[in-house]
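See structure below.
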Amino acid sequence: MARHGFSRTLVVLTLTVIALSYSRQPLALQHSPRLFAKFASSTTSSSSSPQFDYHYETRFFQQQLDHFSFSDLPTFPQRYLINTDHWLGPQHSGPIFFYCGNEGDIVWFAQNTGFLWELAPSFGAMIVFPEHRYYGESVPYGSKDEAYKNATTLSFLTAEQALADFSVLLTDLKRNYSAIDCPVVLFGGSYGGMLAAWMRLKYPHIAVGALASSAPILQFENIVPPKTFYDIVSNDFKRESSTCFNYIKQSWDEIASKGQTSNGLELLTKTFKFCQILNRTDDLLDWLESAYSYLAMVNYPYPSEFMMPLPGYPIKEVCRRIDGGPDGTSILERIYEGVNVYYNYTGEAKCFELDDDPHGLDGWNWQACTEMVMPMSSSQESSMFPPYEFNYLSFEEECFKNFGVKPRPKWITTEFGGHNIHAALKKFGSNIIFSNGLLDPWSGGSVLQNISESIVSLVTQEGAHHLDLRASTENDPDWLIEQRATEIKLIEGWINEYYQKNEAVFDM
Ligand SMILES: *[C@@H]1O[C@H](CO)[C@@H](O)[C@H](O)[C@H]1NC(C)=O
Ligand SMILES: *[C@@H]1O[C@H](CO)[C@@H](O)[C@H](O)[C@H]1NC(C)=O
Ligand SMILES: *[C@@H]1O[C@H](CO)[C@@H](O)[C@H](O)[C@H]1NC(C)=O
Ligand SMILES: *[C@@H]1O[C@H](CO)[C@@H](O)[C@H](O)[C@H]1NC(C)=O
Ligand SMILES: *[C@@H]1O[C@H](CO)[C@@H](O)[C@H](O)[C@H]1NC(C)=O
C-alpha cells in the first residue's frame, strides 16, 4: 500500500497511509492510508529499470461489472499478464501462480514481484497477473473519466467484486487450458496480500494456498490501536537516532510558527526549494509526512527503486544528514537535507513539485471512503508526527463531501473477519502465509503470530514492505533468504498435498 495524505486529501498501503493535519481544522479523509497506488499509476512508463526483464503476454478478458446482481450491465475488459514458458501443462497438473492485483497498474506490480518470476521455473508454474478493476487499463464504462464520475459508476469498485473477478477469470482460464485440475497458488503484497488471504478464505476450492505479504487485514475498527502505523514509522527513525527523531518531532512547530510570519510561506518555499510558492503550511506537512512514511515502507536493506531511487536502509541516511549539519544549522535546514534523500537522491531535482494528485480522488480514496476504513492516529507521546486523533465523524463528512457516500467501517470485518482471528481461523481455514518485516509500518495491522499448523506468520525484524516478494539480489541478507526458503517449502507442501489427494502424477 502506499502513502498517507495527512492533511490534504485522504489516502494508503502498497500500501498506503494517512495524513495527520497539523492545523486543527476538521480534517478529512486524510487519514486513510494509501498504499502505493499513486506510484503504481505513474511509474510504469518510465521503466528506468533494465533489471525488469520479464516476458509475458498481455490479454483482456470480458468481465462482469456486477457479480452480485443479475441486472443487464455492460461488461468491461480486465487486463491480465500471462506467462506459460515453464508451465508443466495440464497432463502434469502444472501449478498456476496467480498474483492478486492491487490498487494500481498491474505491470508495475509484475515488475516488482520478482519472487514469483524466479519461483515459476522450478515449480513448472504458469504465471498470471490479473489487474484489479478500476485500475490501470481495467476500467469499466469505457474510460477512467466515466468510471470515476460519481458514486453510481464507482459503486462496483470493491474488494468483493475484485475477488469475484479473479475467481471468474481463473475458472475461465483453466477451462481454456484444460487445466481444471491444476493447483492454484495465490500471491499478493499489501492490499494485494489482503486480497490473496481473503480469496483463500472465501474461495478455498479455487486455490490451494496464499502467500499474503505485508497484508494489514487487521487494520480495521479497533482491532489494532490506531496509533500503530505512525508509531512504527517513528520507531524506524528513533532506532537510527533519537536526535533525528527529536529534530523531526520539533520541526512541525517550527514550520507552523514560520508559516505565521508575514513572509513565512515564501521563506519556507525557499528553504525547501519548491517550484511554486507554498500556499499553506499543511501542504509542506503532507509532503514531509508522506516522505517519512514511504521511507519506512521501503526501508530495504539494499539500494532500491521501488518508489524512488534510494540507498540501502534509506532512513539511516536521512538521519545521518539531519543529524550531520554543522552547529548552528537550523532545524528546517536539517529537515530539508534529510528529505533530499527521499525526493532527490539522484541529485537531479531542480526544485520540488508539491503534489501530483491534488484532488486525491483516485480509486483508493474511494475504497477508503467505502469499505477500507483504516483508522489512524498519531500519538503525542510516541510519534514524531504532529498529534492527531482519528475522528470518524469528520472522516465520514469528508467522504460524503468528496464522493457522496458514507463509509461502512464495520463491513470488512463482517465480510472477511478480523476480530479474534486466531480463534476464528484455528480450525477453519488453512494454507496461508502472512509474511511481514517489522520495519514496515503496515506490519502492525498484519497477522504476526502463527494461527495453526498451516496458517503461519513469517516475521523478520529488519524487513520492510513486502520485501520478500521482490526479486532476489546479491545483497540479500541471510534472514531474507531464509524467509523466502521457508515460504518455498510451505508452498511446495501445499502443492504436494494437493497432488497426493488428487493422486495426480507429478515429477518435480
Ligand atoms: C452518475 O452518472 C451517471 C451517468 O452520467 C448518471 O446516470 C447517474 O444518475 C449519476 N449518479 C449520481 C449519483 O449522480
Ligand atoms: C477463454 O477463451 C474464450 C474463447 O476464445 C475467450 O473469449 C476468453 O477470453 C478466454 N478466457 C480467458 C480468461 O482468457
Ligand atoms: C498556490 O496557489 C496558486 C494560485 O492558485 C497556484 O498557482 C500554485 O500552484 C499554488 N502553489 C502550490 C505549491 O500548490
Ligand atoms: C538535488 O540535489 C542536488 C545535488 O546535491 C542539488 O544540487 C540540488 O539543489 C537538489 N535539488 C533540490 C530541489 O533540492
Ligand atoms: C510460525 O511457524 C513457522 C514454522 O511453520 C516458524 O518458522 C515461524 O517462526 C513461526 N512464526 C512465529 C511468528 O512464531
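Read-outs throughout are calculated quantities, based only on the coordinates presented, and are distinct from any laboratory measurement. Note that this is a predicted model, so its numbers are computed, not measured. When we count neighbours, we look across all protein chains shown, and the Cβ atoms used for this are built from the backbone with ideal geometry, even at glycine.
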Q | Residue list for segment 149-170, restricted to those being surrounded by fewer than 20 Cβ atoms within 10 Å (Cβ to Cβ) and within 14 Å of ligand 1 (Cβ to nearest atom) | A | Lys149, Asn150, Ala151, Thr152, Thr153, Ser155
Q | Single residue of segment 86-100 satisfying the filter (in contact with a helix residue (DSSP H, G or I) (Cβ under 6 Å, 6 or more places away or on another chain) and part of a loop (DSSP other than H, G, I, E, B)) that is farthest from Gln367 (Cα to Cα) | A | His86
Q. Can Asp440 be described as crowded, with 21+ Cβ neighbours inside 10 Å, touching a Lys or Arg at 6+ places or on another chain (Cβ under 9 Å) and of a type in the set (D, E, K, R)?
A. no
Q | Answer residue from segment 304-333, given it is among the charged types (D, E, K, R) and part of a loop (DSSP other than H, G, I, E, B) and is surrounded by the most Cβ atoms within 10 Å (Cβ to Cβ) among those | A | Glu305
Q. Out of all the residues in segment 283-302, is one or more surrounded by fewer than 22 Cβ atoms within 10 Å (Cβ to Cβ) and more than 28 Å from Ala256 (Cα to Cα)?
A. yes
**Q.** Pro386 buried (at least 17 other Cβ atoms within 10 Å of the Cβ), under 19 Å from the mean Cα position of the chain (by Cα) and touching a residue at least 12 places away in the same chain (Cβ under 8 Å)
**A.** no
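So that you can scan it fast, the table gives a plain yes or no per residue for (1) assigned to a loop (DSSP other than H, G, I, E, B); (2) more than 16 Å from ligand 4 (Cβ to nearest atom); (3) closer than 30 Å to Pro477 by Cα; (4) of a type in the set (S, T, N, Q):
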residue	(1), (2), (3), (4)
Pro216	yes, yes, yes, no
Ile223	yes, yes, no, no
Phe237	no, yes, yes, no
Ile248	no, yes, yes, no
Lys258	no, yes, no, no
Leu284	no, no, no, no
Tyr294	no, yes, yes, no
Tyr302	yes, yes, yes, no
Q.
Give me the residue from segment 161-178 that is among the hydroxyl-bearing types (Ser, Thr, Tyr) and either touching a helix residue (DSSP H, G or I) at 6+ places or on another chain (Cβ under 8 Å) or in contact (Cβ under 8 Å) with a residue 40 or more places away in the chain (or both) and, out of that set, nearest to ligand 4 (Cβ to nearest atom).
A. Ser167
**Q.** Condition met for Gly363 (touching a residue at least 60 places away in the same chain (Cβ under 8 Å) and either surrounded by 19 or more Cβ atoms within 10 Å (Cβ to Cβ) or at positive phi (or both))
**A.** yes
Q | Count - residues of segment 401-428 that are in contact (Cβ under 8 Å) with a residue 12 or more places away in the chain, outside any helix (DSSP H, G or I) and either over 24 Å from the mean Cα position of the chain (by Cα) or over 25 Å from Ala197 (Cβ atoms) (or both) | A | 2
Q.
As an exercise: evaluate Gly193 against (1) within 16 Å of ligand 2 (Cβ to nearest atom); (2) touching a Ser or Thr at 6+ places or on another chain (Cβ under 8 Å) and give the number of the one condition it does not meet.
A. (1)
Q. Just one of Glu398, Glu381, Glu371, Glu462 is without any contact (Cβ under 8 Å) to a residue 12 or more places away in the chain and either among the acidic types (Asp, Glu) or assigned to a loop (DSSP other than H, G, I, E, B) (or both); which is it?
A. Glu381
